[in-house]
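Enquirer: Could you have a look at this structure, given as structure tokens, before my questions?
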Amino acid sequence: MESQETIAKKPTILSDRYQTGWKEKVSEIFSRYGIFIIFLGMVTLMSFLTPYFFNVLNLINVVRQVSFIGIVAMGVTFVIITKGIDLSSGSVIALISVVAADFAHPGEHSLFVPLAIGVGVGALTGLINGTITAKGMIPPFIATLGMMTAARGLALLYSDGRPIGNLSDSFLFIGAGEILGIPFPIIVFLVVGIISHLLLSNTKFGKYTYAIGGNEQAARICGINVDRHLILVYTYAGLLTAIAGLMLTARISVGQPSMGVMYELDAIAAAVIGGTSLTGGIGTIPGTMIGALIIGVLNNGLDLLNVSSYWQQILKGAIIVTAVLIDSRKNKKS
Amino acid sequence: MGAEYILEMENITKEFPGVKALDNIQLKVKKGTVHALMGENGAGKSTLMKILFGIYSGSGTIKFNGKELKLSGPKDALNNGISMIHQELSPVPYMTVAENIFLGREPVYGKSGWVNKKKLIENTKKLFETLNISIDPTTKMKDLSIANMQMVEIAAAVSHHANLIIMDEPTSAITEKEVEHLFKIIRSLKKKGVSIIYISHKMDEVFKICDEITVLRDGQYIGTKPAHELNQDSLIQMMVGREIKQVFHKEKAEVKEVVLSVKNLSRKGKFNNVSFEVRKGEILGIAGLMGSGRTELIESIFGIAPPTSGEIYLHGKRVSIQSPSGAIRNKIGLLTEDRKLTGAFLPLSVKENMIISSLENFVNFGYIKSRLVKKTCDAQVKRLNIKTPNLNQLIMNLSGGNQQKVLLARWLLNDPDLLILDEPTRGVDVGAKAEIHKLISKLAQEGKAIIMVSSEMPEILGMSDRVLVMHEGNQKGELSREEATQEKILEVAYQ
């Protein structure tokens, strides 16, 4: 309440906003659409720096690369909004990859089987993450760290440490196929994006997600079944991880137990760059999608500029920290 | 002049982007006096104190002991002899009481940086002795009750040997007994020539302990007067700029059939054998000091921590409520004691805060009908007179009173038969307080059964039809509205 003294004034500021100067207006626009503006700025900058960046083929390439991490990041966004974290996505991708590949050899099963098994494994890992976190009262960092280690081990065990190749054409389509010239992963990225956005912003499920992250105790008192909801959120994240894992396997056309290393961190980075707050209760799907695109544009642009991958990592690190810095300053102001 | 005043703040102005929080404020505090700083929430009291304590910078002059003071931060303020008891406690839970008090200035062996634990504990013991506080310095902070934490905070502020101590709502979390203790400490500090700036919403305290009163309103300086020249009515008038005649808007309501009946309810270690009933249209006040088990009692009724024995009947039917969602299904609502901790979703909007507990009514296959939400929330904003620029405003940007109204609206949307209000006007300014009281009375008239827990005696006396008195987990008695007086309630509690 200390801050309420000043904050209580806020309503008058807002109603006066229309009379206040352009400076406030600009800062207001920037704080709302800041990440989008930064994204456009990066695209413009890259277009000037290298002639190879801004053409349809390259842009499609960027978005396709981003779709896998982007889909994982959307699930992670739900988790982070509840004030949780998911460190297991990278390893779970590897597990799904080898298990699905094993059922995707030509002439053995219909396409439905590897997809269903992959999605099932993903959802199951999420279910376990959520249950351990909610019912076991174990911090999600630890619960998912355990899953991260165990799932990687399971993937290596299942595949005997070797890649599983010889996949059916119908399976390969989900990673490499195109519809009307648009790569299939991009279409899935957009569809998952729209569904996740609607789910988060317009449904009971979404509101409860925000509420739990915003104040878990208050959520319980409001009658929300917090444990059940947390389990559902982690399961949803596992499900999206599975979708990304299946497409990635098809894209590189083998089931790889070493696949997806560091994916969990890239996904968290995308969510955070996109404005999702680790303190819970704050974040949006469009933000996360832009966050993933920023990482993609950065990687691609720097590749085209022949910047070494070492420098790319350093820059990526700097951008993640800067994004959070801007975000925390924004929060402090309000 | 300089000798008489310890503090002279003049022409203090502070602007936040787009708003003048303080406009030409003055505050002059005489040596060895207790000076109350009064005003509604948003009047600028805390902002002014933050400037004085070096947390904010503002324009204007501050003279301390006759010398002009320019502070670089709280540490600088402490070095200059100004200390502050913050309204919100900030304990380090896993450190001991002694470590908390001397945080950042622990006694060390020579210049080694090794903490001299023995001396640390000794110093704390000495400090507690002078203040008559009986808390073990080696207890972990997390194991203390809120009231004791507050006493530690007070001791810490005193331990700086400051000439001026700012106390921002020091009694918001402590019971009457400890308030008396605090006043003793204040009086002995006064004798030593220490001056105190006292911020509180509780009028009776202010008149009891303060020598002079300065009033702020909407960032403006209204005036300074000796306390004995003012009374409650004239002070309220200064604060709100309009006369609030009737402080408690309790209207007669028709009392009908029993809604809730509780028989021999107990929760081990918290409260024993509590029995009472509440009827439609009735307001049952629960009075009791901190630690009396009153909050635990209503938590058990609401299913947060189910009782270990006893029975609960709703509309004559026995119920077993194991969770808040069970309570909500049984048409019970609970406005919790601590708005920030268990009430508001601070990062969410006014709208979301309002509908979160009744979402069922707004969804079609899980999809939220946004037009219905807007219509419903607009109606609540209007009905409860909530001051917010729009429904999408984040609740944390509203004043305490308006936040409380939003949370009340949340429970009204569930249309409960029984509404439990725990400290419904804590940290709420005078104007909003009256509005909330009026609303509570109206809800009773509309046929709701209401249980109201409050530490504020005048509120209990002004609003309740009956008063249930609790003390140390036991039900001590029940008083009718006519019987109940402040003295009588204490008498029953301690009998």
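Enquirer: Quick check: is even one residue across the range B:357-367 within 14 Å of B:Ile420 (Cβ to Cβ) and modelled with pLDDT under 95?
Expert: The answer is yes; a qualifying residue exists.
Enquirer: Name the single residue, out of those in the range B:446-460 being farther than 15 Å from B:Ile436 by Cβ and modelled with pLDDT of 85 or more, that is nearest to the chain's Cα centre (by Cα).
Expert: Step by step, filter the range B:446-460, then rank; the result is B:Ile451.
Enquirer: In the list A:Gly296, A:Gly301, A:Gly291, which residue meets the criterion of being of a type outside the set (Val, Ile, Thr), under 16 Å from the mean Cα position of the chain (by Cα) and surrounded by fewer than 24 Cβ atoms within 10 Å (Cβ to Cβ)?
Expert: Unique residue meeting the criteria: A:Gly296.
Enquirer: Quick check, is A:Leu278 within 14 Å of another protein chain (Cβ to nearest Cβ), under 27 Å from A:Gly84 (Cα atoms) and over 13 Å from the mean Cα position of the chain (by Cα)?
Expert: Spelling it out, A:Leu278 is indeed within 14 Å of another protein chain (Cβ to nearest Cβ), under 27 Å from A:Gly84 (Cα atoms) and over 13 Å from the mean Cα position of the chain (by Cα).
Enquirer: Residues of the range B:283-339 being away from every other protein chain (no Cβ under 14 Å), in contact (Cβ under 8 Å) with a residue 24 or more places away in the chain and more than 18 Å from B:His471 (Cβ to Cβ), which ones?
Expert: B:Ile283, B:Pro307, B:Thr308, B:Ser309, B:Gly310, B:Glu311, B:Ile312, B:Tyr313, B:Leu314, B:His315, B:Gly316, listed by residue number.
Enquirer: Now a separate question. When you scan the range B:176-288 for helices (runs of 4 or more DSSP H) that lie fully inside it, which ones turn up with 3 or more residues that are in the same structural domain as B:Ser159 (by TED's automatic domain parsing) and farther than 30 Å from B:Lys438 by Cβ?
Expert: Helices (runs of 4 or more DSSP H) meeting the threshold: B:176-191.
Enquirer: Out of all the residues in the range B:101-114, is one or more β-branched (Val, Ile, Thr) and touching a residue at least 24 places away in the same chain (Cβ under 8 Å)?
Expert: For the range B:101-114, residues β-branched (Val, Ile, Thr) and touching a residue at least 24 places away in the same chain (Cβ under 8 Å): present.
Enquirer: Is it true that B:Thr138 is at pLDDT 85 or above and not in a helix (DSSP H, G or I)?
Expert: yes
Enquirer: For A:Glu2, work out the one condition from (1) assigned to a helix (DSSP H, G or I); (2) of a type outside the set (Ser, Thr, Tyr); (3) at pLDDT below 50 it doesn't fulfil.
Expert: (1)
Enquirer: Next up: Filter the range B:81-132 down to the residues that are among the small types (Gly, Ala, Ser) and surrounded by 12 or more Cβ atoms within 10 Å (Cβ to Cβ), then identify the one that is farthest from the other protein chains (Cβ to nearest Cβ).
Expert: B:Ala98
Conditions (1) among the small types (Gly, Ala, Ser); (2) within 12 Å of chain B (Cβ to nearest Cβ); (3) without any contact (Cβ under 8 Å) to a residue 60 or more places away in the chain, marked per residue:
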| residue | (1), (2), (3) |
| --- | --- |
| A:Leu157 | no, no, yes |
| A:Leu172 | no, no, no |
| A:Ile182 | no, no, no |
| A:Ser196 | yes, no, no |
| A:Ser201 | yes, yes, no |
| A:Lys207 | no, yes, yes |
| A:Asn225 | no, yes, yes |
| A:Ile243 | no, no, no |
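Enquirer: While we're looking at this one, here's another question. For the range B:442-494, how many residues meet the condition of being in a helix (DSSP H, G or I), surrounded by fewer than 20 Cβ atoms within 10 Å (Cβ to Cβ) and of a type outside the set (A, V, I, L, M)?
Expert: 9
Enquirer: Within the set of pairs 6 or more residues apart or between chains, which connect a residue that is under 16 Å from A:Met148 (Cβ atoms) inside the range A:262-276 to a residue that is acidic (Asp, Glu) and surrounded by 24 or more Cβ atoms within 10 Å (Cβ to Cβ) with Cβ atoms less than 9 Å apart?
Expert: A:Glu264/A:Asp86; A:Ala267/A:Asp86; A:Ile268/A:Asp86
Enquirer: Considering only residues that are within 7 Å of another protein chain (Cβ to nearest Cβ) and in a loop (DSSP other than H, G, I, E, B), look in the range B:345-375 and name the one that is surrounded by the fewest Cβ atoms within 10 Å (Cβ to Cβ).
Expert: B:Gly366
Enquirer: Moving on to the next point. Give the range B:395-411 a look and list any residue that's outside any helix (DSSP H, G or I) and more than 7 Å from every other protein chain (Cβ to nearest Cβ), or say none.
Expert: Once the filter is applied, which keeps residues that are outside any helix (DSSP H, G or I) and more than 7 Å from every other protein chain (Cβ to nearest Cβ), the range B:395-411 yields only B:Leu398.
Enquirer: Can you find a residue in the range A:139-159 that is exposed (fewer than 14 other Cβ atoms within 10 Å of the Cβ) and under 23 Å from A:Thr288 (Cα atoms)?
Expert: Looking for residues that are exposed (fewer than 14 other Cβ atoms within 10 Å of the Cβ) and under 23 Å from A:Thr288 (Cα atoms), one finds at least one in the range A:139-159, hence yes.
Enquirer: Among what's in the range A:227-238 and is surrounded by 22 or more Cβ atoms within 10 Å (Cβ to Cβ) and either within 10 Å of another protein chain (Cβ to nearest Cβ) or aliphatic (A, V, I, L, M) (or both), pick the residue that is farthest from B:Leu419 (Cα to Cα).
Expert: In this case the residue turns out to be A:Ala237.
The values are calculated or read from the model by the stated rules, or taken from the named source; none is laboratory data. Values in this document were obtained by computation on a predicted structure and should not be read as measured data. No Cβ is skipped: glycine too gets one built from the backbone with ideal geometry, and neighbour counts run over all protein chains shown.
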